[in-house]
Amino acid sequence: MAEGKRAQAAALVRTTRPAVLISGDASGKDSLPLVEAVNALPGAPAVLVIAERVTRRDAGVLLVKGAAGVLLHRSAVRHLAWGLTAVSQGSRALSPEIADALLHSNPASLHSRPGAEDRIADLSAREREVLALLSEGLPNRAIAQALHISPETVKDHVRALCAKLRAANRFHAARIAWQAGVVPLPA
């Protein structure tokens, strides 16, 4: 474990190679440059943001830009253990309040959009299987077990499908799958 200022994060990540990086701030906005800088590094760790308060929009921006999760400070004690496990295994971690806000704030925006089906059409059959399981929130290891392949192969498929979908990250790829109707929206 290492501690440091956000401006030193890239150098700290390169030298310590953590699996997960935790960033805390008041609104989540201050963590955005850190998320972007860390995600630009090869072998970037998952970034979990813990914020005092965060708007639905800011949480969405953090996730689209590559944050692995966003927890609210007031409930982080209850959610940190499973959140760290989830993000270290390639899944997302959201405080329930944030998840509810993201899913219920504008449901129409999450439904089918023109172009989503076209983006999915270029995926191989295996990439579609990986995308469907990824969209259910499964980590790489669980996807690997379900498809009887190695976690490294899952990582390769996730990288390839994100590139083909022009998705910034797993969450973005799942959203495209939901929009295309490949998998149902989470309840």
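The values are calculated or read from the model by the stated rules, or taken from the named source; none is laboratory data. Since this is a predicted model, take the numbers as computed values, not measurements. Positions of Cβ are generated from backbone atoms using ideal geometry, with glycine treated the same way; all protein chains shown enter the neighbour counts. Please note that ligands, DNA and RNA were not included when accessible areas were found on the heavy atoms of the full protein model with its side chains. Shrake-Rupley method; radii C 1.70, N 1.55, O 1.52, S 1.80 Å.
Mind listing whichever residues of the range 139-156 are of a type outside the set (G, A, S) and either open to solvent by 40 Å² or more (accessible area, probe 1.4 Å) or not in a helix (DSSP H, G or I) (or both)?
Across the range 139-156, the qualifying residues are P139, R141, Q145, H148, I149, P151, E152, T153, K155, D156.
Looking only at the range 58-101, count how many residues are open to solvent by 20 Å² or more (accessible area, probe 1.4 Å), among the aliphatic types (A, V, I, L, M) and in contact (Cβ under 8 Å) with a residue 60 or more places away in the chain.
Qualifying residue count for the region: 2.
Part of a strand (DSSP E or B) and among the hydroxyl-bearing types (S, T, Y), is that true of S75? Talk me through it step by step, then tell me what you get.
Working: part of a strand (DSSP E or B): no; among the hydroxyl-bearing types (S, T, Y): yes.
No.
Being under 15 Å from N169 (Cβ atoms) and either at pLDDT below 85 or β-branched (V, I, T) (or both) narrows it down to one of L48, L12, L41, L32, so name that one.
Testing whether each residue is under 15 Å from N169 (Cβ atoms) and either at pLDDT below 85 or β-branched (V, I, T) (or both) leaves just L41.
Would you point out which residue out of L133, L147, L161 is touching a residue at least 12 places away in the same chain (Cβ under 8 Å), within 14 Å of S91 (Cβ to Cβ) and among the aliphatic types (A, V, I, L, M)?
Just one listed residue meets the conditions, L133.
Just to be sure I understand, how many residues within the range 40-58 are closer than 14 Å to S95 by Cα and assigned to a strand (DSSP E or B)?
4
Looking only at the range 40-55, filter to residues that are touching a Leu at 6+ places or on another chain (Cβ under 9 Å) and either among the small types (G, A, S) or open to solvent by 10 Å² or more (accessible area, probe 1.4 Å) (or both); which one of those is nearest to G66 (Cα to Cα)?
A46
Out of the residues in the range 127-138 that are open to solvent by less than 50 Å² (accessible area, probe 1.4 Å) and assigned to a helix (DSSP H, G or I), which is farthest from A86 (Cα to Cα)?
Residue satisfying both the conditions and the ranking: E127.
What's the number of the only condition in (1) aliphatic (A, V, I, L, M); (2) part of a helix (DSSP H, G or I); (3) open to solvent by less than 30 Å² (accessible area, probe 1.4 Å) that A37 fails to meet?
(3)
Take the range 9-34 and flag every residue that is of a type in the set (S, T, N, Q) and either assigned to a strand (DSSP E or B) or within 17 Å of the chain's Cα centre (by Cα) (or both). Please lay out each step first, then the result.
Applying the first criterion (of a type in the set (S, T, N, Q)) to the range 9-34 yields 15-16, 23, 27, 31.
Within the range 9-34, S23, S31 qualify.
Mind listing whichever residues of the range 78-102 are not in a helix (DSSP H, G or I) and not charged (D, E, K, R)?
Q89, G90, S91, A93, L94, S95
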